[in-house]
Amino acid sequence: MKPGLLRFVGEDPNLFQCMGLALVGGGLTVLILPPFSWLIAVPVAFSVLFIVLRKISTSRAFLVGWAFGLGQFGIGISWIAESFYVDAERFGALAIPAVAGLSAGLAIFPGMAAMLFAAIMQRRADGGIAAGLLFATCWVATEWLRGHVLTGFPWNLAAYALVDYAALRQPAAWVGSYGLGFLTVFIGILPGVLTVAAPKRRAPVLVLFAVAVTGFWVGGALRLGQDLPPKDVGLRIVQGNVPQVEKWAPGSRERTLEKYLGLSVQPGRFDVLLWPETAFPGFLDEDAAARARISAALPDDRVLLTGVPDRVEGDGGTRYFNTVQAYDGSGEILTGYAKHHLVPFGEYVPLRGWLPIERLTEGLGDFTPGLGPRTLAVPGAPLVAVAICYEIIFPGQVVDDLFRPDWIFNATNDAWFGTSIGPEQHLASARMRAVEEGLPVVRAANTGISAIIDTNGEVVARLDTGETGVIDAGLPGAGAPTPYARYGDWTLLVLVFGCWVFTWLAGLLGRYRDARHFGTDVS
């Protein structure tokens, strides 16, 4: 008699039962991520999918994996619906269809992973460690594709299950979030592998699980031991907490500017003043009066980095950009950066000529993407990379590899997502970028979560969602380029290949020992 889930699935499982189990398992993945970070949910969620997939055909496997993804994204990104209710009269009716459609589309990637796993398993019929390794490989391959296909959407990667655990998140410095996700899934399903493994194969699974978990802790703890002196730079982050529904309302610009200026001139020392994405709801470089008021609020030799929209006239008409611009006491632009990873339907409408859809954000036209990651030289501050809002979720695509900065400024506006779990998930991405790049990340968010994050991914200062105020703090020190910062996702390939070679050698050694014990030929 087979125990638990194996007994339920049986030798000829019902497709709808399998899809139902997968849907529940996918839904559980929201608990592995911030703000919950329940590690116990990792083996539960992924082992359910692993066990179910071992007994079904390739075509059915896709549907089961798709159901898992539907639960994973349907709950995990349900907060996107909040953005449609900012202008409920125009977009409220689209909230549920949009979330459902996006979740169904993203679920294709877990469906592909499941189909690939099932197709290979039908030829191998292996229920041991190699099967678990195959599952993790298929998962990370499609997770990587999700982060790159059609501009990519690498939200809620499996690695973020570890972001709230200081030692466990550190391997991202070596293998990035995709590599850390591979390890998370592989180690996470070992209890499932143990359930289906033959009795003589269970001991190696237990040993591997213990060694892997211990190695995670020890390796991460060693990296946490590095001591980086802070930079002699004072930061002031301003969180104005302006509701999105008010931000672009007629007559609100003056109130918004007054609020940010009032917070900015509070007593205290700072070198760099940081305002969030579109903190000024207008074209600041065209508003001399507003720039003069900002200049008056800046002490001598101080600099403001602020998010603002921008427009440029050209032969092809007016182009609009989502930018961060730097100003000093003169009121003139020192330098700037234009966002290059734009949000579909938020900042531009894909296939605009074909889709009769308006974008959700206010503006005169679609935004134009910038040229890519850029390092800015700002007077009185170390070299800085800028990532605007959504851009911080892309591993390996935040820093200019040819001109390494000393810190990353993430200007964002999470007011679109209210008090949902969305801002916590967004913060998790920023924390992982800090670990991957070995650079501190400084977030200025309109309604929260504003934070200063050190190179270990630790939040050293924070203003929560819905708070109005400032953070005055020093800039944490920068580390040397990490292996991931140097080599990017090539480290993922080395990791996966190394794990497969190790497994093959271990299996070969096991067969050799068995052959010697029973006196047979292994050739």
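For region 222-287, what are Rg and Dmax over the alpha carbons, in angstrom?
Expressed in Å, the Cα Rg and Dmax of region 222-287 come to 16.5, 54.
Counting other C-beta atoms within 10 Å, and keeping those with at most 16, which DSSP coil chymotrypsin sites (Phe, Trp or Tyr not before Pro) do you find in region 47-91? The partial results should precede the final answer.
On the way: sites: Phe50, Phe62, Trp66, Phe68, Phe73, Trp79, Phe84, Tyr85, Phe91; in loops: Tyr85.
Those satisfying the criteria are Tyr85.
Highest first, please rank the peptides 288-300, 128-140, 394-406 by the mean number of other Cβ atoms sitting within 10 Å of their residues. Walk me through the numbers before you get to the answer.
Working: 288-300: 14.1, 128-140: 23.8, 394-406: 18.3.
Result, highest mean Cβ count within 10 Å first: 128-140, 394-406, 288-300.
Ignoring any ligand, DNA or RNA, what whole percent of the accessible area of the chain comes from carbon and sulfur when the probe is 1.4 angstrom? Working shown, then result.
Values: 14090 of 22170 Å².
Result for the chain: 64 percent of the exposed heavy-atom area is carbon or sulfur.
Taking amide H atoms as placed 1.01 Å from N in the peptide plane, list the residues 5 or more away in sequence, or in a different chain, whose amide H sits under 5 Å from that of Ser450.
Ala445, Leu463
By a straight-distance test (C-alpha under 17 Å), which lysines pair with Lys55 as possible cross-link partners, with residues fewer than eight away in the same chain excluded?
Lys2
Can you give me the span-like helices of the chain, meaning DSSP H runs with 27 Å or more of Cα extent along the axis and Kyte-Doolittle mean at or above 0.5? Before the final figure, lay out the partial values.
Values: long enough: 202-224 (33 Å, 1.55); 490-518 (42 Å, 0.80).
Those that clear 27 Å and a mean of 0.5 are 202-224, 490-518.
Please report, in debye to the nearest 20, how large the charge dipole of the chain is about its Cα centre when each Lys and Arg carries +1 at its beta carbon and each Asp and Glu carries -1 there. All intermediate terms of the calculation are to be shown ahead of the outcome.
Numbers: 39 positive and 45 negative charges, 500 e Å.
Dipole magnitude for the chain comes out near 2400 debye.
For the chain, give me the percentage of DSSP beta bridges that are antiparallel, rounded to the nearest 5 percent.
On the way: 31 of 49 bridges.
Looking only at bridges with both residues in the chain, the antiparallel portion is about 65 percent.
Just report the Cα centroid separation between region 375-405 and region 444-469, whole Å.
Measuring centre to centre over Cα atoms gives 18 Å.
How long is the chain along each principal axis, judged by its Cα atoms, biggest number first, in Å?
Here the spans come out as 89, 52, 42 Å, largest first.
What are the radius of gyration and Dmax of region 253-336, computed over its Cα atoms and given in Å?
Expressed in Å, the Cα Rg and Dmax of region 253-336 come to 13.0, 47.
What is the set of long-range amide H partners of Asn410 at a cut-off below 5 Å, with H atoms built 1.01 Å from backbone N?
Ala387, Val442, Arg443, Ala444
If I histogram all Cα-Cα distances within region 27-183 using bins 10 Å wide from 0, what percent of pairs lands in each bin?
Reading the bins upward from 0: 11, 37, 35, 14, 3, 0.
With only alpha-carbon atoms in the gyration tensor, what are the semi-axes of the equivalent ellipsoid for region 421-503, in Å, largest first? Please list the in-between numbers first.
On the way: eigenvalues 199, 46, 13 Å².
The equivalent ellipsoid of region 421-503 has semi-axes of 32, 15, 8 Å.
Compute the Kirkwood hydrodynamic radius of region 118-214, taking the inverse of the mean of 1/r over all pairs of distinct Cα atoms, and give it in Å to one decimal.
Working: mean 1/r = 0.0696 Å⁻¹.
For region 118-214, the Kirkwood estimate is 14.4 Å.
In square angstrom, what is the accessible area per residue of the chain with a 1.4 angstrom probe? Numbers along the way, then the final one.
On the way: 22170 Å² over 523 residues.
Per-residue accessible area for the chain comes out at 42 Å².
Enter the Cα centre distance for the pair region 134-201 and region 213-274, rounded to the nearest angstrom.
30 Å
The values are calculated or read from the model by the stated rules, or taken from the named source; none is laboratory data. Note that the coordinates shown come from a computational prediction; the quantities given were computed from them, not determined experimentally. Please note: Cβ atoms are built from the backbone with ideal geometry, for glycine as well, and neighbour counts cover all protein chains shown. Areas reflect the complete protein model, heavy atoms only, side chains present, ligands, DNA and RNA absent. Shrake-Rupley method; radii C 1.70, N 1.55, O 1.52, S 1.80 Å.
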